[in-house]
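All of the numbers you see were taken from the coordinates with simple rules; none came from a lab. Predicted, not measured: the structure shown is a model, and the values here were computed from it. Methodologically, a virtual Cβ is constructed for each residue, glycine included, from the backbone with ideal geometry; neighbour enumeration extends over all protein chains shown.
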Amino acid sequence: MASNIIPVITIDGPSGAGKGTIAQNVASELGFHILDSGSLYRLTALASQDDGIALSDESKIAELALNLPVEFLAVDSGLKIILRDEDVSEAIRKEEIGMLASKVAALPKVREALLERQRSFSEQPGLIADGRDMGTTVFPDSALKIFMTASAEERAERRYKQLKAKGINANIAALVKDLKLRDEQDANRAVSPLKPADDAVLLDTTEMSIEEVTIRVVELAKQRF
Ligand code: DC
């Protein structure tokens, strides 16, 4: 491989499939950078909510997305996300912001506005990018594309455990409903819908542990790069 080519691994899939956790594990194994593309849509959603911009005002939301004043700071506990001088690491993870992000993400001008910013995360020695259209639109030349799924029930169960560990009350049936609704919105939009790239490796993690999935992705990366 020519030395100027930056290795990129893309992980796409529905909400709660474990993409973020696996991306972090694989990145630390391989020493790669990370792009959590969903966080950019979540930040755009949060900022437009704070500014009181209506969902119908596509141009204004796109302008916000293009100039998003955000900083990603590496700290001992992971990543701190600062929006307009405020730590929003927790605020952007709320279910309601996930749902709003899914709506904002259906706006073509917003996707266009975030495209170059996402591509700018690609740096040596490599990048692992997770989202919905990493392999199809943002990094179509990536040498390793994963499409990660798990049943809606399993994904809701995992989200439930995460929330419970944080002391947040949740209801499994409501989580399943929310996940299915978000999947439907993300898969049925006109621009860059959630779908596997033609050359993606499909990985159903319903019956797999985090360790097993991490090992599998690292193995695939070692074969490809
Ligand atoms: O991965 P996530 O749950 O943090 O993403 C939040 C929403 O953002 C998701 O429901 C759809 C949207 N999104 C997208 O459309 N494209 C991406 N590459 C990443 C996220």
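Residues in the stretch 157-207 that are among the β-branched types (Val, Ile, Thr) and free of Cβ contacts under 8 Å to residues at least 40 places away in the same chain were compared, and the one that is surrounded by the most Cβ atoms within 10 Å (Cβ to Cβ) is Val176. Among the residues of the stretch 1-36, those that are surrounded by fewer than 23 Cβ atoms within 10 Å (Cβ to Cβ) and not in a loop (DSSP other than H, G, I, E, B) comprise Gly20, Thr21, Gln24, Asn25, Ala27, Ser28, Glu29, Leu30, His33, Ile34, Asp36.
Of all the residues in the stretch 16-55, those that are over 30 Å from Val218 (Cβ atoms), charged (D, E, K, R) and touching a strand residue (DSSP E or B) at 6+ places or on another chain (Cβ under 9 Å) number 1.
Can you spot a residue in the stretch 26-44 that is without any contact (Cβ under 8 Å) to a residue 24 or more places away in the chain and out of contact with any Phe, Trp or Tyr (no Cβ under 6 Å at 6 or more places or on another chain)? Checked against the condition, which is being without any contact (Cβ under 8 Å) to a residue 24 or more places away in the chain and out of contact with any Phe, Trp or Tyr (no Cβ under 6 Å at 6 or more places or on another chain), the stretch 26-44 yields at least one hit. Those helices (runs of 4 or more DSSP H) of the stretch 51-137 in which at least 1 residues are farther than 30 Å from Pro7 by Cβ and among the polar types (S, T, N, Q), considering only elements entirely within it, cover 58-66. Residues in the stretch 37-79 that are more than 16 Å from the ligand (Cβ to nearest atom), out of contact with any Ser or Thr (no Cβ under 9 Å at 6 or more places or on another chain), charged (D, E, K, R) and closer than 21 Å to Gln118 by Cα: 2 in all.
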